[in-house]
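A.B. asks: Sharing a structure, written as structure tokens. Questions coming.
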Amino acid sequence: MSRLPAAPPQPPATPTAWAHPRANREVELHGVRIAYEFRRSARRTIGLSVGPHGLSVRAPRWATWPEIEGFLCRKAAWVLAHLHRQATRPRPAWPEPTPALRAQARALFAARVAHYAPLLAVRPAALRVSSARTRWGSASTRGTVSLNWRLVCLPAELLDYVVVHELAHLREMHHGPAFWALVAAVLPDYAERRAALRRYALG
């Protein structure tokens, strides 16, 4: 099976502004203007995530704007470092997801799921080939495992990491210590694989 080589890394960039496509708020951190996606929810703490599209912020319904902006200022270095990492990740020229390629992906995914599911003592209810632009995979509480078709283009060890990660979610629907212990029991080198996967950009 042919694999997609990583595109050469882009030279480091120092943009003066970042904009999430669903941005509804802005903040300036260390002289950099950042338009970010903001949502309130029933969560207990303020949370930040940086993905291919930029910065997303989640906050409890009770959090005030001074608290939210203060949190962002304290996390400024983290936010800017992760945005910079997103900008310099290799961006492969993904092939067209033809029916033949998707069929190839499904067959490969099914084989890897069948291999790892018994090791994790899980039985997925269904396997879905995904076209998501922001996730390599996901697992639902109903037992459906979704894997991005682009994984068929990456090295086998990275595909296996995503498979094990999502299968582990069928037992532990979080990213706490119990979840990572489960992943480590099957892939002791999962941290290295996870770091390698982060060098590829979906978008």
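A.B. asks: Give me the percent of accessible area attributable to carbon and sulfur for region 50-134, probe 1.4 angstrom. Each step should come with its number before you reach the end.
C.D. replies: Numbers: 2770 of 4680 Å².
Of the solvent-accessible surface of region 50-134, carbon and sulfur hold 59 percent.
A.B. asks: Right, something else. Run the simple label-point estimate for Ala42 and Thr64 please: 7 Å along Cα→C-beta, distance reported in nm.
C.D. replies: 2.6
A.B. asks: So, one more: Amide H neighbours of Trp18 under 5 Å, at least 5 residues apart or on other chains, H built in the peptide plane: list them.
C.D. replies: Amide H to amide H, under 5 Å and 5 or more residues apart or across chains, Trp18 pairs with Arg33, Ile34, Ala35.
A.B. asks: Could you tell me how far the Cα centroid of region 36-54 sits from the Cα centroid of region 88-155, in Å?
C.D. replies: Comparing the Cα centres of region 88-155 and region 36-54, I get a distance of 25 Å.
A.B. asks: Restricting to Cα pairs below 8 Å that are 6+ residues apart, what does the relative contact order work out to for the chain? Please round to a whole percent. Before the final figure, lay out the partial values.
C.D. replies: Values: 303 pairs, mean separation 38.6, N = 203.
19 percent.
A.B. asks: Using a 1.4 angstrom probe with every protein chain in place, what is the largest-first accessible-area order of Ile46, Ile68? Walk me through the intermediate numbers first.
C.D. replies: Details: Ile46 35, Ile68 0 Å².
Highest to lowest solvent-accessible surface, that is Ile46, Ile68.
A.B. asks: Quick check for you: with a 1.4 Å probe and neighbouring chains kept, what is the accessible area per residue of region 18-88, in Å²? Walk me through the numbers on the way to the answer.
C.D. replies: Details: 4040 Å² over 71 residues.
Each residue of region 18-88 exposes 57 Å² on average to a 1.4 Å probe.
A.B. asks: Starting from the Cα gyration tensor of region 18-88, take the square roots of the eigenvalues, sort them a ≥ b ≥ c, and report rounded, prolate or oblate (rounded when a/c is under 1.5, otherwise prolate if a/b is larger than b/c, else oblate).
C.D. replies: Taking the square roots of the gyration eigenvalues as a ≥ b ≥ c, region 18-88 is prolate.
A.B. asks: Further question on the same structure: Share of Cα-Cα pairs in the chain beyond 25 Å, in percent? Don't jump to the answer; show the numbers that get you there.
C.D. replies: Values: 9558 of 20503 pairs.
Of all Cα-Cα pairs in the chain, 47 percent lie more than 25 Å apart.
A.B. asks: Region 99-198: percent of C-alpha pairs farther apart than 24 Å? Mind showing how you got there, number by number?
C.D. replies: Details: 640 of 4950 pairs.
Beyond 24 Å sits 13 percent of the P(r) for region 99-198.
A.B. asks: Under 5 Å between amide H atoms, partner at least 5 residues away or on a different chain: which partners does Ser130 have, H built in plane at 1.01 Å?
C.D. replies: When sequence neighbours closer than 5 places are left aside, the close amide H contacts are Leu147, Asn148, Trp149.
A.B. asks: Could you state the accessible area per residue of region 134-174 in Å², with a 1.4 Å probe and every protein chain left in place? The partial results should precede the final answer.
C.D. replies: Values: 1470 Å² over 41 residues.
In whole numbers, region 134-174 has 36 Å² accessible per residue.
A.B. asks: Which value at 222 nm does the chain reach when only helices count, each DSSP H run of 4 or more adding -39,500 (n - 2.57), with the total divided by all residues and rounded to the nearest 500 deg cm²/dmol? Before the final figure, lay out the partial values.
C.D. replies: Details: 6 runs with 76 residues, N = 203.
Taking each H run of at least 4 residues, the total per residue is -12000 deg cm²/dmol.
The values are calculated or read from the model by the stated rules, or taken from the named source; none is laboratory data. If you're wondering where the values come from, they're calculated on a predicted model, not measured in any experiment. Positions of Cβ are backbone-derived with ideal geometry, glycine not excepted, and every protein chain shown enters the neighbour counts. Ligands, DNA and RNA are stripped out before the accessible areas are found, and what is left, the full protein with its side chains, is counted by its heavy atoms. Shrake-Rupley method; radii C 1.70, N 1.55, O 1.52, S 1.80 Å.
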